[in-house]
Every structure is written in C-alpha cells, then in structure tokens.
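Structure first, commentary second.
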Amino acid sequence: MILNHGLHLAYCTNVHPGGNWAQTFDSLQHYTLAVKQKLNCRGHYAIGLRLADQAARELSDPTCLLEFQRWLDKHECYVFTINGFPFGVFHGARVKESVYLPDWTAPQRVEYTKRLFDLLAQLVPPGLEGSVSTLPGSFKEFIHSKEQERAIRDNIWRCVEHIAHVSERTGRRFHLGVEPEPLCLLENTAETALFFDRLREEHPDARLDQHLGVNYDTCHFAVEFEEPEEAVATFRDHGIKLSKVHISNALKCHPTPEALQQLASFQEDVYLHQVVARKQDGTLSRVKDLDVALNGPLVKNISPGEEWRVHFHIPLHSQPPGEFQGTADHVLGLFKLLQKQPDLCSHFEMETYTWAVLPEALKSRSVVDQVVAEYEWTLARLAEHGIVPVGK
C-alpha cells in the first residue's frame, strides 16, 4: 500500500509456497487477495513478490507475463519489489545452508538476478522505483579464498551494470539490495561498509551508488546486537543507500535453564536459525544453528547476564511465550529514524516467512489472519511515528 512521504509497504509472499510460477500465482490468488480484502485497502495494493528461479523463467514467457499484468490491473494490485534471495525451494523441504546457493560466485546467481530486474521493469508502475533483495554474497563457511571474494564483487558489479541499462532504457530507477545476515559473508554494518568501499575502489563508477544498496532486515541487525541509529549513520557515512527495509522480529532471551528448555521447541529442519550470544563485557559468540547452540560449547559456557538472540522470524504482533522476548524495539528504533528522515528508504516489506514452522503457541491463526495481524501491528506503529496510508 502507498504511505505518505511516497513510501510503499507490502508483505513478502515468501511466506507462501512458490517454487514455480503456477504455485506462486496460486498463492497470490488464494492468500494475497484474501489479505487485501480483509485489510479493506483503499487504492492499489502493493505486492512484495517472491520469485524462485523456475518461477522467474516461466513468468518471462510473454504470454504468461501479459496475463499476470492483466491480473494485477484487474485486482488493483502493483509490484514494486521482488525477493531474490532464495533461488530455489523455500518451503516444505530442508533449506538450511542451501538457501545461499548458488551464491554470488556463480553465474547462475547473476543471470537469475538480471532476469528479476527484466521482469520488474515490466511490472513496476510508471513513476515508481523498483528493488530486488539478494543474499549478502555468500555464507562465510563457503568462502575459502580471496579469489572467491573478488568474484563476488565482480559479479555484483556486472549485475549493477545490467540494472543501470534497464533503468536507462525504461526511464525508471531500479536498485539491488544486499541483505546482511548472521554468519554470512556480510553479516554486520562494518563488514558491509568495507565491502562497498572495496567495490568502489575496483569499480569507481557513479552507477554503483545509484543501483546498489542494502536490504536492511531488522531481524538480522537485531540478532547482531546492532542499534538502528548507529547502523544507519554508518551506511550514510559510507554513501550506502537503503534499498529496502525488511520489517521482521527476532527471538531473544537470557539462557536460563527454563529458557533453554523452551528453546528446544523452536528447533526445526527447514531453515537455518543462527544464534548470537553476548556476554556482559560485549563479547559476541556465533553458532550457525539452534541445535548447535543447545548441544555445543555455547551452552556449556554461559556466564551471568548473557543474552542470546536467535535468527528465527517470529510474528511482529504477538508476544513470544515463556522466557522469550522479541526484538521489535529495533523496528521501532528504525521507525523513529524514519519519522525524522522520511527519505531514509521508500520500500518496506514485512517478512515473517516462518509461519509453517512456528511453535503452536505462536501459530494460532490461519496464514491470512497472521499476515493481516502483521499489517495491523506495523500500520499502528508507523502511525505513531506520523506515517500513514494515503487516503486514510
């Protein structure tokens, strides 16, 4: 939906199945339209589209694309952003580390992302910017050489060149947002700023800053114990744009015996749930999944006052059970900045994709009602900071 200050808000459709275009389109018809109806949205309704590689290839067929464009017009919907992070299957089967493959060392990732921008150029309404979010280079344990790191930077630059050509051809502005995530090649503000600095040294071209930025996922930055004001200030100091913001909520707790016992209910076999622990002196320890945290050295070396944060996207609108809290304070900190700086970013997307694997205590609604509740929470918090839907 359209908000004041020219902002756009959607929910990311990666919460629904969508390995191919038929599945993706079915989800849009059955779930996304139901959400739109329940929200009683005035005006055109924004869709945060997730397209897997197979779905993107199939949608690229001119006949298929034309049918989708007509469907969008018929239902008064529009696409302004695409989630291009997961390349393949994202539901119903083990994902874990494979979500980072192919990474940005691989030509398949480059071609896939270019294709998403070609599609976006056909879907974004005139006068709007378009964005695609992507993984932050790779997963750290996949990278073993400087040559791989250089390949990542070169491939991202080649994609930026393509985005620039698409923007010039269409007269609209498109940009790619790399999404820092715990234990990835770029997992925090400092690593991301250094990456951009190196990329500029190798490719001193103004198009870089115009068409490449950061997809700021509030869950990921909160898990890294970062503060939004400091992170955003660093990005601005380094000339890095916020391409898109993912509004999302992580899990946090003090690792008491009760909390550790309850954390076991969040273990599941589909997604990776990185854990970052902070001791009272500020030292951070990271492990790549929740089961490793609960059964490895981390749990055996807990100190007084320690806090754990878990990369598990929990609903924004509901208080986690038992010993847990969420990291919605990070979201609110970002909204506070947005109130002061409305030009901070124009693309916002709620991304709670874990509905199917949530513990039952957090999964008390249908997925449609869950998404509607995410909208209600987000819109209420935005309104507290002077940001409201246009027409209301």
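The values are calculated or read from the model by the stated rules, or taken from the named source; none is laboratory data. Because the structure is predicted, anything quoted here is derived from the model rather than measured. Every residue, glycine as well, gets a Cβ built from its backbone with ideal geometry; the counts of neighbours run over all protein chains shown.
Go through the residues of region 345-356 one by one and say whether even a single one is within 15 Å of LEU7 (Cβ to Cβ), touching a helix residue (DSSP H, G or I) at 6+ places or on another chain (Cβ under 9 Å) and part of a helix (DSSP H, G or I).
So far as region 345-356 goes, no, none of its residues is within 15 Å of LEU7 (Cβ to Cβ), touching a helix residue (DSSP H, G or I) at 6+ places or on another chain (Cβ under 9 Å) and part of a helix (DSSP H, G or I).
Among GLN339, GLN262, which is under 28 Å from MET1 (Cβ atoms), surrounded by fewer than 24 Cβ atoms within 10 Å (Cβ to Cβ) and touching a Gly at 6+ places or on another chain (Cβ under 6 Å)?
Values: GLN262 fails: under 28 Å from MET1 (Cβ atoms).
On inspection, the qualifying residue turns out to be GLN339.
For residues that are surrounded by fewer than 16 Cβ atoms within 10 Å (Cβ to Cβ) and assigned to a loop (DSSP other than H, G, I, E, B), tally how many sit in region 269-285.
Qualifying residue count, region 269-285: 6.
Could you please give the count of residues in region 201-214 that are of a type outside the set (Val, Ile, Thr), buried (at least 16 other Cβ atoms within 10 Å of the Cβ) and under 16 Å from ILE152 (Cβ atoms)?
Of the residues in region 201-214, 3 are of a type outside the set (Val, Ile, Thr), buried (at least 16 other Cβ atoms within 10 Å of the Cβ) and under 16 Å from ILE152 (Cβ atoms).
What are the residues in region 65-100 that are exposed (fewer than 13 other Cβ atoms within 10 Å of the Cβ) and of a type in the set (A, V, I, L, M, F, W, C), if any?
Within region 65-100, LEU66, ALA93 meet the criteria.
Taking into account only those residues within region 41-71 that are modelled with pLDDT of 95 or more and in a loop (DSSP other than H, G, I, E, B), which is farthest from GLU376 (Cα to Cα)?
Result: ASP61.
Any residue at all in region 136-157 that is in contact (Cβ under 8 Å) with a residue 24 or more places away in the chain and in contact with a Pro (Cβ under 9 Å, 6 or more places away or on another chain)?
Yes; the residues of region 136-157 include at least one that is in contact (Cβ under 8 Å) with a residue 24 or more places away in the chain and in contact with a Pro (Cβ under 9 Å, 6 or more places away or on another chain).
In the list LEU51, LEU66, which residue meets the criterion of being closer than 24 Å to MET1 by Cα, of a type in the set (A, V, I, L, M) and free of Cβ contacts under 8 Å to residues at least 12 places away in the same chain?
LEU66
Mind telling me which of the residues ALA222, ALA231 ends up being outside any strand (DSSP E or B), within 27 Å of LEU128 (Cα to Cα), out of contact with any Asp or Glu (no Cβ under 7 Å at 6 or more places or on another chain) and not β-branched (Val, Ile, Thr)? It would help to see each step written out before you state the result.
Numbers: ALA222 fails: within 27 Å of LEU128 (Cα to Cα).
Result: ALA231 is the single residue among ALA222, ALA231 that is outside any strand (DSSP E or B), within 27 Å of LEU128 (Cα to Cα), out of contact with any Asp or Glu (no Cβ under 7 Å at 6 or more places or on another chain) and not β-branched (Val, Ile, Thr).
Only one of VAL160, VAL132 is under 20 Å from the mean Cα position of the chain (by Cα), at pLDDT 95 or above, crowded, with 18+ Cβ neighbours inside 10 Å and in a helix (DSSP H, G or I). Can you tell me which?
Exactly one residue qualifies, and that residue is VAL160.
Checking GLY386 against (1) under 29 Å from ASN4 (Cβ atoms); (2) in a loop (DSSP other than H, G, I, E, B); (3) in contact with a strand residue (DSSP E or B) (Cβ under 9 Å, 6 or more places away or on another chain); (4) of a type outside the set (Ser, Thr, Tyr), which single condition isn't satisfied?
(3)
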